[in-house]
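Written below as structure tokens is the structure these notes are about.
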Amino acid sequence: MRLPVADTRTTTRQGLAFLKGHAGQLAVVVLVQSLAAVAALAMPWLLGRLVDSVATGTTAAEVDRTALWLVAAVVAQTLLAAWAHRASLVLGEQLFAELREDFLRTVTHLPLSTVERAGTGDLLGRTTNDIDRVQWVLRFGIPALLVGATTVALTYGAAFLVDWQVAIGLLVGLPLLWWSARRYLRKAMPAYLADSAAFADINGVVTENVEQAGTVDALSLGRQRRRRSDGAMADAWHWEVVTIWLRVHLFRSLELSFVLPLGAVVVWGAFLIENDLASIGAVTTVALYAMQVRAPFTELLMWIDELQVAAASLARIFGISLVEPDRTARDERPRGAELTARGVRYAYVEGKDVLHGIDLDLRPGERLAIVGPSGAGKSTFGRMLAGIHPPTGGSVTVGGVRLVDLPEEELRRQVALVTQEHHVFVGTLADNLRLADAGVDDAGMRRALDAVDALDWVDRLEDGLQTEVGSGSLELTPAQAQQLALARLVLLDPHTLVLDEATSLLDPRAARHLERSLSNVLAGRTVVAIAHRLHTAHDADRVAVVEGGRIVELGSHDELVAAGGEYAALWASWQQD
């Protein structure tokens, strides 16, 4: 499954709505650039007048005045261009910052079921390659496009004001330019979309190979994974070649369309002069305009190519907002803390259930351990209880309200999931903890860290809570990162917790110590612990044994051991180990 890509109409509509909020800044940039362009256009006009004056006879004073005006025009154009360039860069930075924040806000609210089915590569490609391509255009392309378009329009307008008959020669290259640009634009968007998708595949393959290197080695999958990598690389190479050839054909036509107008103006202008239909100064001015417009025209069209790249990436970025929600929040609020599952079924692939009609009632304050063999459906059921995925069939309710009917913020105040996966975000330890409670003070953070046995190593750090962690800074050990995740859980303070192998990355002694510390903090809360370490089950009020997507045994540790069933066999095996 791939995440959706916005069509051209949707991309255009959302792009214009995005720019609408900065209409005032855009107007200022265009106005200042227009003034700079007018100052630049004054120079050929002054030179043309000087040529006519010399041809008909003039004085040294007139030449000096013209020279002073030329100097003034150069100074004005330089200052105005610098002002316009700065204003354009500031605008580009603001646009990129806003786009990035909107994108991240959308990504963090995507349904996890959709993200998991799409895989890591597609989303990773959009958050890296596509964002990079768009930010390049927003930061530098938007200013260049505004500058180029304004300069070209004013230059052509000035040429026709000087002498429309001579300026007709400037139009000679436009048919070729129109044909080549139209041909390019028709093929560019599909090619760049395919190119972005190919790079997303590379991201996914490389990420999976690195993250699962141990599994690849253990199962001797190296050759298979190399073939997969080679295929992704070959596909990306193919689309790179396609897009490069598109650009080669475009710019080859552009070069010819730029040469033709200057030659046409000189030849056509000579004819007009010979027939007394134009002055030498007018032809000189228009010829200088033809030379002057080449640079902004070239840059404008080069940025149009970059704009196609950005448009393809923007379609992928805006496509994230087209992901259908997997739930609809309602106004109902829970009338208690009882968590109930009724007839819960779930299928990752339609028609192939991994959970089969599970019923379960959790009493407030109860400790429930869910155990069973790998692949039995323990983690999947835990995600149902935490409201991560809506059940394919049946329901999970808290206080009589379905979890999928709760707004996301309210859901996390009711039930929270902590898995064996953990994340350390770039920033300080305090920043990482405030993700769970933005208003928590240092004392509250220290209490949370103490609850998960992390305060000792945090206090040993030179900067304590202000220590920078994450990529490029202090790298936390897996155990420390897991403790940080658990401290966030303490700060989040929900009444029901689902711990899915939450201490799996700690050694057994440290895990046991941590779980005992947690038991003091979690007193009075409902806890669902999914684990292979059966000492967790031994301490629980009840144990649910899951096999084949069903609860096959349910009771206390002593009851299940006495029953001599599946749990008793697991416990005996655990004791031997």
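No value in this document is a laboratory result; all are computed from the given coordinates. Note that the structure is a prediction, hence the values are computed from the model and not measured. Positions of Cβ are generated from backbone atoms using ideal geometry, with glycine treated the same way; all protein chains shown enter the neighbour counts.
Key figures for this structure:
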| quantity | calculated |
| --- | --- |
| Nearby lysines by direct alpha-carbon distance to Lys352 (threshold 27 angstrom, same-chain neighbours under 8 apart not counted) | Lys378 |
| Tensor-based shape of the stretch 320-364 (alpha-carbon gyration tensor, a/c under 1.5 rounded, otherwise prolate or oblate) | oblate |
| Around Val134: net Lys/Arg minus Asp/Glu count, Cβ-Cβ under 12 Å | 0 |
| Label-point gap, in nm, between Ala76 and Glu299 - each point 7 angstrom along Cα→Cβ | 2.0 |
| Assigned charges on the beta-carbon of Lys, Arg, Asp, Glu; the stretch 339-576 dipole about Cα centre (debye) | 580 |
| Whole-number percent relative contact order across the chain, with pairs defined as alpha carbons under 8 Å at least 6 apart | 15 |
| Efficiency of FRET between Arg333 and Val241 - r from beta-carbon atoms, R0 56 angstrom, step 0.05 | 0.45 |
| MRE, 222 nm, helices only [DSSP H, n ≥ 4, -39500 (n - 2.57), over the chain, to nearest 500] | -21000 deg cm²/dmol |
| Approximate spin-label separation Asp539-Ile168, in nm, with each point projected 7 Å along Cα-to-Cβ | 9.3 |
| Distance between modelled label sites at Asp217 and Ser473, nm, 7 Å Cα→Cβ extension | 3.1 |
| Full-stretch length increase - Asp431, Arg183 - with 0.36 nm per residue and alpha-carbon distance subtracted | 84.2 nm |
| Built amide H within the under 5 Å cut-off of Ala278, gap 5+ | Ile273 |
| Assigned charges on the beta-carbon of Lys, Arg, Asp, Glu; the chain dipole about Cα centre (debye) | 1380 |
| The stretch 339-576: relative contact order in percent, alpha carbon pairs under 8 Å with at least 6 residues between | 28 |
| Global form of the chain, assessed from the alpha-carbon gyration tensor, a/c cut-off 1.5 | prolate |
| The stretch 326-401: C-alpha gyration tensor shape, a/c 1.5 cut-off, then a/b vs b/c | oblate |
| Helix 8-20 vs. the chain, principal-axis angle (Cα, 0 to 90°, nearest 10) | 80 |
